[in-house]
Amino acid sequence: MSSFKFIILFSVFVYTGFFNNFVLASEDLLLTEIEKKEIKFFQINQVLAKNHVLPRYQVFTNETIKIDSSATKFCLAPDSASLIDLREVFHSAADAWIRVEHINFGPVEENLRLYRINFWPDKHNTGSKHLARILKSKDKTMLEPNKFSLNSVALQGFPALERLLFTQSDELFKGDDLAIFRCDLIKAISRNLREIANSLLVEWVDENSAYINKDSYQKKPNNFEEREIFQDFFASLYGILRKIHDLKLHRPLGETPEASRPKKSEAWRSGRSMRNIIINLESAQKLFQGEVYFGMDNLIQIINPETYMVRDFNITMNFALKTARGIPIPLHKAVLDYKWHDQVDKLKAQISRMMAMVRARIFLSFGIGTGFNFLDGDSI
């Protein structure tokens, strides 16, 4: 269960200028208002889970099945043409993960799955070290299904696979024992991603899932509560905005192109950095606006029909997406280019404004604190 606590943090009080007792009183009034309007948190959670979360995990599962199959096919006869095909399948699987990356609560918190799928940022170059170590050993027993998950998380997911497919690909065509082992490692990582994706989907739709089935609320597995789960959805919106701002943009972006750090961009080897950010933003927008007929924006308007926060958030999100889509080169190149560096900085500012809206206006409306661990241990 997510550790985001259902409290209003002092940082929010300072930011908004309210005293604690006033904020707590406001929360009580809002809870009364929710009850008056007979808003059922379980129903809200169920709609968000079934319309937003489950389809994304289903696509992620489907795409990892494809990459598992494609890796096996590639390794039968590695060549440049089949490598291009495998890279395309890699991109499709990575796209599918990024579309659900913001759902950083629930089953993905178990067994280090979040890190096993995408260990980033890798502040100490852990992935490179472990990759070099296992390639040197050529120990095929460590690639067996029952043992591979015991390897470092930095070796199990997309970053390790990206290194093998985009920066070390020439080594795959040499035909020696090491080339064969590299291919076996590609297959092991792809199979591992498929297994993790499948387990996530299964656990989300399990009959005991508190995210889907009402009866499970009476059982209260892991002390799940309807409002706590509802809070997790809102927290995930803020969490992905902060991750984009603090990690995906701030880390590579310096005050000037000369001061920028391009290799701190996410997935720069495959040129995916800006692509990931755009998909993150599109997913956050869908979570807020709703996939079909109900989103967070509807709930906010039910609570406060006079508010402008929904309009303001949507306008800023549209501007941010326009800015991101308008940068025609990969992020690790854009931060070094004077023309596009300013656009990246502009995007960062737009996301900062959305974070402020969520933190000071939306969260305050529902009495939700942002907590101190949205990035799950990641740091700048």
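FYI, it's all coordinate maths here, none of it is from the lab. Computed from a predicted structure; not experimentally measured. Using ideal geometry, Cβ is built from the backbone for each residue, glycine included, and neighbour counts are taken over all protein chains shown.
List of remarks:
- Net charge of neighbours whose Cβ lies under 12 Å from the Cβ of residue 354, counting Lys and Arg as +1 and Asp and Glu as -1: +4
- Charging the Cβ of each Asp and Glu at -1 and of each Lys and Arg at +1, and nothing else, the dipole of the range 53-205 about its Cα centre rounds to 280 debye.
- Size of electric dipole in the range 226-331: Cβ of Lys, Arg +1 and of Asp, Glu -1, about Cα centre, debye, nearest 20: 700
- The mean sequence distance of close C-alpha pairs (under 8 Å, at least 6 residues apart), as a share of the length of the range 53-205, puts its relative contact order at 37 percent.
- Projecting the Cα atoms of 156, 135, 84 onto the charge dipole of the range 53-205 (Cβ charges, centred on the Cα centre) puts 135 farthest toward the positive pole.
- Distance between the range 252-278 and the range 182-201 - C-alpha centres, whole angstrom: 27
- Packing, as the average of other Cβ atoms within 10 Å across residues, places the peptides 128-137, 46-55 in the order 46-55, 128-137, highest first.
- Alpha-carbon spread of the range 97-201, three principal axes, descending order, Å: 43, 28, 22
- Furthest towards positive pole of dipole, 289, 253, 229, structure part the range 228-293, Cβ charges: 253
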